[in-house]
Amino acid sequence: MKYLTEEFYTLEILSYANSHVRKSKKAEQKDENFYRHTFEKVYAIFERFSKSCDWYHDTEEDLKKIEEYVNELNITFEERKRRVEFKKMHELLYDDQNRTVYPFDEALCKEQFEERNRFLASVYSQLPQEILSKIADIRIFVLGYASAEVKKLLRLYCAKLQKTVKEIKNKAYSETDEAERYLSQEFGFNEYEEFLLSGIEEKNGNIYLKGEENDCLMIKNGKILEGKDKIIFPYDGNKPNCPWSRIIYAELHRINDKFELHYLVENSDTIGKADLWNLTISGTDIIDINP
């Protein structure tokens with residue numbers, strides 16, 4: 001059976017709801033002014049993080065600013081030495097000065113933030129009713145604030161749910177470990193969680209799962225049981241906000257002398273809207289093909 005499903009993914013996110021929010025007395029009642037202020041504050045952090053991505057940084061301009069920072073007048077010898085080390089570190093990071101620099105799209109950033117909030121609201125709407133009924137404004141909860149009463153309820157709920165999540169994962173990983181004993185090649189199947197997919201190819205009766213940097217799994221005598229018609233979006237790290245496909249969970253089972261690979265895959269579009277789908281493949285063996 002499949003353990004690490006879309007429903008399980010929701011449970012795992014819910015199990016960390018307590019760590020998502022901090023206590024605030026202002027969250028005890030609905031207040032539009034508090035909501036607007038909080039929205040702007042949290043969005044500013046989101047935008048600042050988005051702008052920090054390398055896609056938007058002109059390497060030459062950044063290094064020029066660092067040079068000015070190092071050569072600032074009237075600083076101590078120790079401070080200048082520290083700044084020189086700072087410069088050396090960034091010169092190593094900026095090893096590709098010919099890469100394309102993209103303009104930051106503020107309108108798109110706002111869409112991404114709103115999509116992030118919509119997603120969290122849809123997940124947190126599945127909290128137990130005894131907790132939901134105490135949340136004065138779900139928008140504030142999504143932005144990371146809750147009353148002391150809600151925090152207390154969350155602590156108990158999340159602690160219990162985290163135990164359940166761990167038990168389910170342990171079952172999935174135990175069955176995966178047991179199935180791996182029958183493979184011709186030893187490798188950690190669960191390491192393929194968070195695996196970015198670039199394509200699926202069927203060739204000579206085998207199926208090839210392709211990832212970044214020529215990573216590839218070959219499923220011998222493979223057959224796609226679920227997800228055959230789904231589109232794979234190869235990730236391009238040189239372009240901002242491109243769609244991508246990644247494996248969230250991976251589990252392996254041994255069924256009637258064959259292997260069944262179960263993946264929960266997430267397709268994410270330009271604004272970060274997620275489409276979760278199942279990819280299930282059967283085969284007689286799995287080979288990790290290195291470049």
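Residues being part of a helix (DSSP H, G or I) and open to solvent by 10 Å² or more (accessible area, probe 1.4 Å): count how many of those fall in region 141-153.
In the first step, residues of region 141-153 are kept if they are part of a helix (DSSP H, G or I); the result is 141-142, 148-153.
From the residues that got through so far, the ones that are open to solvent by 10 Å² or more (accessible area, probe 1.4 Å) too are 148-149, 151-153.
Residues meeting the conditions: 5.
Counting only residues that are in a strand (DSSP E or B) and either open to solvent by 10 Å² or more (accessible area, probe 1.4 Å) or on the phi > 0 side of the Ramachandran plot (or both), how many does region 254-266 have? Even if it seems obvious, please write down each step before you answer.
Let us first name the residues in region 254-266 that are in a strand (DSSP E or B), namely 254-255, 258-266.
With either open to solvent by 10 Å² or more (accessible area, probe 1.4 Å) or on the phi > 0 side of the Ramachandran plot (or both) added as a condition, the list becomes 254-255, 258, 260, 262, 266.
Here the count works out to 6.
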Would you point out which residue out of Ala179, Ala148 is farther than 27 Å from Gly227 by Cα and in contact with a strand residue (DSSP E or B) (Cβ under 7 Å, 6 or more places away or on another chain)?
Ala148
Please go through (1) out of contact with any helix residue (DSSP H, G or I) (no Cβ under 8 Å at 6 or more places or on another chain); (2) open to solvent by 100 Å² or more (accessible area, probe 1.4 Å); (3) modelled with pLDDT of 80 or more for Phe77 and return the number of the only condition it doesn't satisfy.
(3)
Hey, among Ile231, Ile248, Ile289, Ile271, which residue is of a type in the set (A, V, I, L, M) and over 22 Å from the mean Cα position of the chain (by Cα)?
Ile289
Just give me the residues in region 156-168 being surrounded by 12 or more Cβ atoms within 10 Å (Cβ to Cβ) and over 26 Å from Ala250 (Cβ atoms), in sequence order.
Tyr157
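May I ask you to say which residue of Ile281, Ile271 is modelled with pLDDT of 90 or more and assigned to a strand (DSSP E or B)? Step through it out loud before you land on a result.
Numbers: Ile271 fails: assigned to a strand (DSSP E or B).
Going through Ile281, Ile271 in turn, just one is modelled with pLDDT of 90 or more and assigned to a strand (DSSP E or B): Ile281.
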Scan region 11-30 and report the pairs whose first residue is under 19 Å from Ser122 (Cβ atoms) and assigned to a loop (DSSP other than H, G, I, E, B) and whose second residue is at pLDDT below 95 and of a type in the set (S, T, N, Q), with Cβ atoms within less than 6 Å and a gap of 6+ or a chain change.
none
Of all residues in region 120-140 being part of a loop (DSSP other than H, G, I, E, B) and in contact with a Lys or Arg (Cβ under 9 Å, 6 or more places away or on another chain), the one that is surrounded by the fewest Cβ atoms within 10 Å (Cβ to Cβ)
Ala136
Criterion: touching a helix residue (DSSP H, G or I) at 6+ places or on another chain (Cβ under 8 Å), closer than 22 Å to Lys23 by Cβ and modelled with pLDDT of 95 or more - qualifying residue of Ser125, Ser133
Ser125
Single unsatisfied condition, Lys210 versus (1) modelled with pLDDT of 95 or more; (2) within 30 Å of Asp54 (Cα to Cα):
(1)
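The values are calculated or read from the model by the stated rules, or taken from the named source; none is laboratory data. All of these numbers come straight from a predicted model, not from anything done at the bench. Reconstructed Cβ throughout: ideal geometry from the backbone, glycine too, with neighbour counts over all protein chains shown. Only protein heavy atoms, including side chains, enter the accessible area calculation; ligands, DNA and RNA are left aside. Shrake-Rupley method; radii C 1.70, N 1.55, O 1.52, S 1.80 Å.
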